[in-house]
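The values are calculated or read from the model by the stated rules, or taken from the named source; none is laboratory data. This one's a predicted model, so the numbers in the text were calculated from it and none came from an experiment. Don't worry about glycine lacking a Cβ; one is built from the backbone with ideal geometry, like all the others, and counts go over all protein chains shown. Only protein heavy atoms, including side chains, enter the accessible area calculation; ligands, DNA and RNA are left aside. Shrake-Rupley method; radii C 1.70, N 1.55, O 1.52, S 1.80 Å.
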Amino acid sequence: MPRPRRTQISVEDTPYYHCCSRVVRRAFLCGDDAYLGKNYDHRRSWVESLLFELEAVFAIDVAAFAVMSNHLHVVLRVDIDSANRWTDREVLEQWHKLFKGDGLTQKFAKGELVEAHEVNRLRHSIAIYRSRLCDISWFMRCLNEPIARQANQEDNCTGRFWEGRFKSQALLDEAAVLTCIAYVDLNPIRAQIADTPE
């Protein structure tokens, strides 16, 4: 029986996780669709640019990634210490790079005075945003959802683009991290869509 993601992730045990998302309905993430005669390699740049954008917002580093024709691999490192070092204002600034927040968080981020009765609600929001900014589920959500929207718009269709929730695997020691990064880097070579890891 599937377990909730929060029970599968323990930053105390390891900060490294291998995540994989797969597409459905014979859709293409990148590469050549021989049936339709279309090339989707431009979608690789969508993924790359979004990964770098999210890495600048979240307290999560991208250790490795590979964009394949029908799936995506990322190796993520959760940097909980960075998230804990951020001031309350920095947490809101990071969050507002992706999401609007609410009037109260916008007001505090701009340096405006917050009423005494609003302080508890503001602290609660900041605590939630701080935890989300080092959460791989939120990271993958922010990666997969825009890609799905763009791909569906380009394909002129609606419905699911990704197979379901991403799969994740904890990398518990240095050997597992190195093995997984090598696997991800060599995946395009094994699939014969690249000649070198670069």
Requested in this report: Starting from the coordinates of the alpha-carbon atoms of the chain, obtain the Kirkwood hydrodynamic radius over all distinct pairs and give the value in Å to one decimal.
Outcome: 18.5 Å
Query raised in the report: What's the center-to-center distance, using Cα atoms, between segment 22-39 and segment 133-163 in Å?
Result: 16 Å
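Could you work out the equivalent-ellipsoid semi-axes for segment 45-106, taking the square root of 5 times each eigenvalue of the Cα gyration tensor, largest first, in whole Å?
On the way: eigenvalues 140, 45, 10 Å².
Equivalent ellipsoid semi-axes, largest first: 26, 15, 7 Å.
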Query raised in the report: Tally Lys and Arg at +1 and Asp and Glu at -1 over the other residues with C-beta under 15 Å from the C-beta of His42: what net charge comes out?
Result: -3
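Compute the signed sum of charges (Lys and Arg +1, Asp and Glu -1) over the other residues within less than 15 Å, Cβ to Cβ, of Leu178. Spell out each step's value before the answer.
Working: positive: Arg77; negative: Asp173, Glu174, Asp185.
That works out to -2.
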Requested in this report: Tally up the carbon and sulfur contribution to the accessible surface of segment 45-198 as a whole percent, 1.4 Å probe, everything protein left in place.
Outcome: 50 percent
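Please give the length that would be gained between Arg190 and Val119 if that part of the chain were fully extended, namely 0.36 nm times their separation in residues minus their C-alpha to C-alpha distance (nm, one decimal).
Working: separation 71, 0.36 × 71 = 25.56 nm, distance 5.44 nm.
Working it through step by step, the gained length comes to 20.1 nm.
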Report summary line: Rounded to the nearest 10 Å², the 1.4 Å probe accessible area of Lys97 is 120 Å²
Requested in this report: Please count, across the chain, the pairs of lysine residues with Cα atoms under 29 Å apart that sit 8 or more places apart or on different chains.
Outcome: 6
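Which value, in Å², gives the accessible area per residue of the chain when a 1.4 Å probe is used on the protein heavy atoms?
Values: 11530 Å² over 198 residues.
Result: 58 Å² per residue.
Select from segment 32-135 those GluC sites (Glu not before Pro) which occupy a DSSP coil region and have at most 16 other Cβ atoms within 10 Å, ordered by residue number. Don't skip to the answer; put the middle values down first.
Details: sites: Glu48, Glu53, Glu55, Glu90, Glu93, Glu112, Glu115, Glu118; in loops: Glu112, Glu115.
Here the GluC sites (Glu not before Pro) that fit, given the DSSP loop and packing criteria, are Glu112, Glu115.
Quote the charge dipole size of segment 111-198 about the Cα centre in Debye, to the nearest 20; the model charges only the Cβ of Lys and Arg (+1) and of Asp and Glu (-1). Please list the in-between numbers first.
Numbers: 10 positive and 13 negative charges, 84 e Å.
It works out to roughly 400 debye.
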Query raised in the report: Measuring from label point to label point, each 7 Å out along Cα→Cβ, what is the Glu145 to Ile80 span in nm?
Result: 2.5 nm
Requested in this report: Provide the per-residue ³J(HN,Hα) series for segment 139-152, in order, calculated from phi with Karplus coefficients 6.51, -1.76, 1.60 and θ = phi - 60°, each as a whole number of Hz, with x at glycine and proline positions.
Outcome: 4, 5, 4, 5, 7, 6, 5, x, 5, 4, 4, 5, 5, 5
Query raised in the report: In whole Hz, what ³J(HN,Hα) sequence does segment 83-89 give by Karplus (6.51, -1.76, 1.60; θ = phi - 60°), x for Gly and Pro?
Result: 4, 6, 7, 4, 6, 4, 5
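Would you work out the charge dipole size for segment 60-143 about its Cα centre, treating the Cβ of every Lys and Arg as +1 and the Cβ of every Asp and Glu as -1, and quote it to the nearest 20 debye?
Working: 12 positive and 11 negative charges, 30 e Å.
About 140 debye.
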Requested in this report: At 7 Å along the Cα-to-beta-carbon direction for both Leu178 and Thr87, put a label point, then send me their distance in nm to one decimal.
Outcome: 4.1 nm
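Shape of segment 101-180 from its Cα gyration tensor (a ≥ b ≥ c, root eigenvalues): rounded if a/c is under 1.5, otherwise prolate when a/b > b/c, or oblate? Don't jump to the answer; show the numbers that get you there.
Values: a/c = 3.60, a/b = 1.46, b/c = 2.46.
Since a/c reaches 1.5 but b/c is at least a/b, the shape of segment 101-180 is classed as oblate.
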Report summary line: Counting only residues 5 or more apart in sequence or on a different chain, those whose built amide H sits under 5 Å from that of Cys134 are Ala59
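Can you give the net charge of the other residues whose Cβ lies under 9 Å from the Cβ of Ile60, counting K and R as +1 and D and E as -1?
Numbers: positive: Arg77; negative: Glu55, Asp61, Asp79, Asp135.
So the environment of Ile60 carries a net charge of -3.
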Report summary line: Output ordering of 141-147, 32-38 (per-residue mean of other Cβ within 10 Å, highest first) is 141-147, 32-38
**Report entry** Low-density loop cleavage sites - chymotrypsin sites (Phe, Trp or Tyr not before Pro) in segment 75-183, where at most 16 other Cβ are within 10 Å (DSSP)
**Finding:** Phe99
